[in-house]
Amino acid sequence: MTLSMKGRTAAMAGLALAVALGLATPALAQYNNQPTGLGIRGLGVRLGLTDPEDASSALMYGVHIDAGSIVSNVRLIPSLEYWSVGTDVGVYNTDYSDLAIKLDANVDFPLQDQRLVPYLGGGLGLHRIKFDSNVPLVPDTSSNKLGFTIQGGMRNEFTPNLSLFGELGYSFVENANQLRLLGGFTYNFIY
């Protein structure tokens with residue numbers, strides 16, 4: 001039995017994440033300045049490029065919530081993201097879009113006495129994939145698909161209230177895998 005390319009990529013990504021988390025455990029135990037506990041710690045926006053499978057690159061935008069820490073240095077980030085790409089040829093047009101509701105967990109790897117915080121993470125998302133067309137004999141379709149995301153990035157705690165971030169991620173969604181490069185900010189509430 002052979003694994004598909006998507007299956008091999010997912011297995012390698014999962015193995016890499018497990019090794020990184022295993023190696024980082026001592027570093028995580030040494031640094032803890034963030035309170036643990038769930039709650040709305042901040043709100044933010046995100047903007048970037050996505051490269052969906054079998055489609056052109058598209059502008060992606062969304063919003064997210066910093067929902068606090070599950071345990072020390074593990075942050076819960078629910079988000080809503082949307083992208084759409086279309087093609088016009090004469091009087092015919094098509095539109096391919098994705099609206100995703102995601103729940104990610106990011107593991108922070110804080111650097112001592114630094115505002116920059118690298119992180120790795122992953123999560124699950126519900127994707128509403130939609131294809132609209134006015135081309136004769138080409139049906140409109142829409143479906144809900146469950147996806148798995150892996151990501152890594154860097155967050156800069158610019159001020160106590162503002163964090164800027166950059167992130168590279170890959171979403172495994174049936175027939176709609178997506179590579180994402182995005183950035184954004186989070187307004188942190190100070191309690």
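Output yes when any residue across region 51-72 is touching a helix residue (DSSP H, G or I) at 6+ places or on another chain (Cβ under 7 Å) and of a type in the set (S, T, N, Q), and no when none is. Yes: one or more hits. Number of residues in region 78-98 that are touching a strand residue (DSSP E or B) at 6+ places or on another chain (Cβ under 7 Å), without any contact (Cβ under 8 Å) to a residue 24 or more places away in the chain and either outside any strand (DSSP E or B) or under 24 Å from Q151 (Cα atoms) (or both): the value is 2.
Every test in (1) in contact with a Phe, Trp or Tyr (Cβ under 6 Å, 6 or more places away or on another chain); (2) surrounded by 12 or more Cβ atoms within 10 Å (Cβ to Cβ) is passed by L126 save one, and that test is (1). Can you say whether F131 is within 15 Å of T50 (Cα to Cα), in a strand (DSSP E or B), of a type outside the set (V, I, T) and in contact (Cβ under 8 Å) with a residue 12 or more places away in the chain, as far as the supplied structure shows? Criteria not met by F131.
In region 134-187, the residue that is farthest from T50 (Cα to Cα) out of those that are more than 19 Å from the chain's Cα centre (by Cα) and in a strand (DSSP E or B) is L162. For region 74-81, the criterion of being buried (at least 18 other Cβ atoms within 10 Å of the Cβ) and more than 30 Å from T159 (Cα to Cα) is met by none of the residues. If you go through region 99-123 and keep only what is in contact (Cβ under 8 Å) with a residue 24 or more places away in the chain, of a type outside the set (G, A, S) and either in contact with a Gly (Cβ under 7 Å, 6 or more places away or on another chain) or outside any strand (DSSP E or B) (or both), you end up with I101, K102, L103, D104, N106, V107, F109, P110, Q112, R115, Y119, L120. Quick check on G166: is it out of contact with any Gly (no Cβ under 8 Å at 6 or more places or on another chain), modelled with pLDDT of 95 or more, surrounded by 13 or more Cβ atoms within 10 Å (Cβ to Cβ) and of a type in the set (G, A, S)? Judged against the criteria, G166 is not a match.
The rows are residues; the columns are (1) under 16 Å from Q178 (Cα atoms); (2) not polar (S, T, N, Q).
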position	(1), (2)
T36	no, no
V45	no, yes
P52	yes, yes
L59	yes, yes
A67	no, yes
L76	no, yes
E81	yes, yes
D88	no, yes
T94	no, no
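Could you list all residues from region 84-118 that are farther than 14 Å from D132 by Cα and aromatic (F, W, Y)? Scanning region 84-118 gives a single hit, F109. Considering region 105-126, the residues that are over 13 Å from G153 (Cα atoms) and at pLDDT 95 or above include one that is farthest from the chain's Cα centre (by Cα), namely L126.
The values are calculated or read from the model by the stated rules, or taken from the named source; none is laboratory data. Nothing here was measured: the structure is a model prediction, and the numbers come from that model. Here Cβ is always computed from backbone atoms with ideal geometry, including for glycine, and neighbour counts include all displayed protein chains.
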